[in-house]
Amino acid sequence: MVPLKESSNKEILQTQYEQLWIEFLNSDENKVERILNRAQRELLPTKEKWLQRLKPFQTHLLWIVPLSALIVAILLYVIFIWVALLVE
């Protein structure tokens, strides 16, 4: 893979970039920002891409809430069985 600065298509790609920039100037700011962020993510190495994708899952609250719900469900099941055995 040849770097862009050494590529024979450098001028063609640069004109495409300039045309795209002109279109960006006439577009919505949020839309352009999303496009640029997506393009910037595509240029990152694979490891950094995965780190960015997993960033929302690194908060403690996201893991505490489902685990708490699971523990409560198991506890309710155990209490239900225990009460059923006491009633019988």
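Evaluation of residue 40 against the conditions (1) open to solvent by 100 Å² or more (accessible area, probe 1.4 Å); (2) more than 25 Å from the chain's Cα centre (by Cα) shows that the sole unmet condition is (2). Just one of the listed residues (33, 6, 18, 29) is modelled with pLDDT under 90 and open to solvent by 90 Å² or more (accessible area, probe 1.4 Å), and it is 6. Can you tell me which residues in region 51-88 are open to solvent by 100 Å² or more (accessible area, probe 1.4 Å) and within 30 Å of residue 21 (Cβ to Cβ)? Residues satisfying the conditions are 53, 55.
The values are calculated or read from the model by the stated rules, or taken from the named source; none is laboratory data. Every value quoted in this text rests on a predicted model; they were computed, and no experiment measured them. Reconstructed Cβ throughout: ideal geometry from the backbone, glycine too, with neighbour counts over all protein chains shown. Remember, those area values only see protein heavy atoms, side chains included, never the ligands or the DNA or RNA. Shrake-Rupley method; radii C 1.70, N 1.55, O 1.52, S 1.80 Å.
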